[in-house]
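These notes are about the structure you will find just below.
The values are calculated or read from the model by the stated rules, or taken from the named source; none is laboratory data. Quick caveat, the model's predicted, so the values are computed rather than measured. Here Cβ is always computed from backbone atoms with ideal geometry, including for glycine, and neighbour counts include all displayed protein chains.
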Amino acid sequence: MSLPNLQIALDNTTLSDAISSILKVGDEVDIVEAGTILCLAEGMEAVRCLRAIYPDKIILADTKCADAGATVGKNCADAGADWMTVICSATIPTMKAALKEVKDLQVELYGDWTFDHARQWKEAGLTQVVYHQSRDALLSGLTWSESDLDKIKQLVEMGFKVSVTGGLEVETLKLFEGIDVYTFIAGRSIRDAADPKQAAREFKAEIERIWG
């Protein structure tokens, strides 16, 4: 079982704030994400700036693309993104078109997706999925359940690299012990910490403790 990556989600509403955030923690994380909110607010300039600051990091554009996969994928790649995301309700042709433009593609799992859908994604050549507890679900009081963990395990068994996100804290990570998680994605729990760099280091230390 490999050591999970740590990804920082920059869902800042302005580019200046995102840059301020990433400069505090960029050296501590494996993957830098231009979050959906940031992409909507600032466009691909956010990706260009993150690539300029971190030329050797994996940069993800969290576009949650639903259509025009080739165009969105090319825009992301031209801006310097290695990876981008598509929403799980996108068609297979949209996903395949986007995958031709970027180094890798993640399918964001929201709503009523099924394992039949997942098998189609795998057959189409997709290897990464992102399992969510959505922000709105968390605000309504939902949390990680055995059902969530079982679905993550099944996706791993299907051969997917599964990233996990949604209200993650350091103490949450132990829930996933024994599961071959590819990446843990944290946002506010690192960005809004009193000491973001220390918060990222604590995440990494707990990942090493559990999976090392």
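If the condition is being of a type outside the set (Ser, Thr, Tyr) and part of a loop (DSSP other than H, G, I, E, B), then segment 175-212 contributes GLU177, GLY178, ILE179, ASP180, VAL181, GLY187, ASP192, ALA193, ALA194, ASP195, GLY212. Scan segment 189-203 for residues that are touching a residue at least 40 places away in the same chain (Cβ under 8 Å) and either touching a Lys or Arg at 6+ places or on another chain (Cβ under 7 Å) or surrounded by fewer than 19 Cβ atoms within 10 Å (Cβ to Cβ) (or both) and jot them down. Passing the criteria: PRO196, LYS197, ARG201. For segment 1-49, which positions are acidic (Asp, Glu) and crowded, with 19+ Cβ neighbours inside 10 Å? Residues satisfying the conditions are ASP11, GLU33, GLU42.
Looking across segment 167-180 at every residue that is touching a Leu at 6+ places or on another chain (Cβ under 9 Å) and under 15 Å from LYS151 (Cα atoms), the one that is surrounded by the most Cβ atoms within 10 Å (Cβ to Cβ) is identified as PHE176. For segment 143-164, the set of residues classified as loosely packed, with under 12 Cβ neighbours inside 10 Å, modelled with pLDDT under 95 and not in a helix (DSSP H, G or I) consists of SER145 only.
How many residues are closer than 16 Å to ARG201 by Cβ and either in contact with a Ser or Thr (Cβ under 7 Å, 6 or more places away or on another chain) or hydrophobic (A, V, I, L, M, F, W, C) (or both) when one looks only at segment 6-30? So the answer is 7.
Of the residues in segment 127-142, at least one is outside any helix (DSSP H, G or I), within 15 Å of the chain's Cα centre (by Cα) and under 21 Å from GLY26 (Cβ atoms). Check whether at least one residue in segment 106-124 is out of contact with any Lys or Arg (no Cβ under 6 Å at 6 or more places or on another chain), under 17 Å from ILE59 (Cβ atoms) and free of Cβ contacts under 8 Å to residues at least 60 places away in the same chain, and report yes or no. Within segment 106-124, one or more residues are out of contact with any Lys or Arg (no Cβ under 6 Å at 6 or more places or on another chain), under 17 Å from ILE59 (Cβ atoms) and free of Cβ contacts under 8 Å to residues at least 60 places away in the same chain.
Evaluated against (1) surrounded by fewer than 24 Cβ atoms within 10 Å (Cβ to Cβ); (2) closer than 20 Å to THR13 by Cβ, ALA52 falls short on exactly one condition, (2).
Considering each residue of segment 63-70 in turn, none proves to be under 23 Å from GLU208 (Cα atoms), touching a residue at least 12 places away in the same chain (Cβ under 8 Å) and in contact with a strand residue (DSSP E or B) (Cβ under 7 Å, 6 or more places away or on another chain).
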